[in-house]
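Please read the structure below before turning to the comments.
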Amino acid sequence: FDPANHDRLYLATDGGVYSSADNGQTWAAASFGLVTTQCWTVGTAQAATLAYGITTQDNACYEWTGGTSFAQILGPEGGYIDFDPKNANTIYADTWFANLSKSTDGGATWSSLGLSADSGNSESLSIARGNTSWLLVVKGNGRVARSTNGVTTWADTLSVAGAVVTAVQFAPSDDNHAFAASANGRVWHTSDGGATWT
């Protein structure tokens, strides 16, 4: 409470600082400009224009393309974000309470891909660097799904009884090779772009 005005109070949360001028009946965000954002993940565009994407604790997904601040591009609370390695305008993001989504206009509009991705703030999505229509994603059930046609269709390719996959990544040097890992330390490898795993 403000000692000079008991109708004004402040509240600190893991999503920011909020203020009220009417003894808590209404609230407004009061932490804009404070360097306090907790980032879950960061994605960087590999092609022009330079852009950074971040997902944040209890807030949203944001993008920086220049200037002194980030702009919100997708909500709610962020899980994972990444850019197409060859096209900075194509962005993929999953959030805690929505399906994996794709934007082809730099984050201005989004389309749901109808797939519940893992939103545990891990490396749940990987885009092949050579053929960017190849994607691997960790689904919310801990299985790996693969798309070879730019996310038009998906097929489950890695499902192991007793294991929950939490991370997946294409090798940067060769699209045919990728790795997947579980939270308990198991690792799988593919040499055919994610079709089969060992």
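The values are calculated or read from the model by the stated rules, or taken from the named source; none is laboratory data. Keep in mind that this is a model prediction, so the values were computed, not measured. Cβ placement follows ideal geometry from the backbone for every residue including glycine, while neighbour counts extend to all protein chains displayed. Quick note on the areas: whole protein, heavy atoms, side chains included, nothing else; ligands and nucleic acids left out. Shrake-Rupley method; radii C 1.70, N 1.55, O 1.52, S 1.80 Å.
Just give me the residues in segment 69-99 being at pLDDT below 85 and β-branched (Val, Ile, Thr), in sequence order.
95, the sole residue that qualifies.
Hey, which of the strands (runs of 3 or more DSSP E) in segment 158-198, taking only ones fully inside, have at least 2 residues that are surrounded by 17 or more Cβ atoms within 10 Å (Cβ to Cβ), touching a residue at least 24 places away in the same chain (Cβ under 8 Å) and not polar (S, T, N, Q)?
Working: elements: 165-171, 174-182, 187-190.
So the answer is 165-171, 174-182.
Go through segment 1-18 and report how many residues are over 19 Å from residue 57 (Cα atoms) and surrounded by 11 or more Cβ atoms within 10 Å (Cβ to Cβ). Quick ask: steps written out before the conclusion?
Taking segment 1-18 and keeping what is over 19 Å from residue 57 (Cα atoms), we get 1-10.
When the remaining residues are screened for being surrounded by 11 or more Cβ atoms within 10 Å (Cβ to Cβ), the result is 1-2, 7-10.
Qualifying residue count for the region: 6.
Can we say residue 58 is charged (D, E, K, R), open to solvent by 80 Å² or more (accessible area, probe 1.4 Å), modelled with pLDDT under 90 and under 26 Å from residue 94 (Cα atoms)? Even if it seems obvious, please write down each step before you answer.
Details: charged (D, E, K, R): yes; open to solvent by 80 Å² or more (accessible area, probe 1.4 Å): no; modelled with pLDDT under 90: yes; under 26 Å from residue 94 (Cα atoms): yes.
No: the conditions fail for residue 58.
What is the one condition in (1) out of contact with any Cys (no Cβ under 6 Å at 6 or more places or on another chain); (2) modelled with pLDDT of 90 or more; (3) surrounded by 16 or more Cβ atoms within 10 Å (Cβ to Cβ) that residue 109 does not satisfy?
(3)
Looking at this structure, is residue 68 open to solvent by less than 30 Å² (accessible area, probe 1.4 Å) and either over 21 Å from residue 190 (Cβ atoms) or under 10 Å from the mean Cα position of the chain (by Cα) (or both)? Outline the logic, then answer.
On the way: open to solvent by less than 30 Å² (accessible area, probe 1.4 Å): no; either over 21 Å from residue 190 (Cβ atoms) or under 10 Å from the mean Cα position of the chain (by Cα) (or both): yes.
No: the conditions fail for residue 68.
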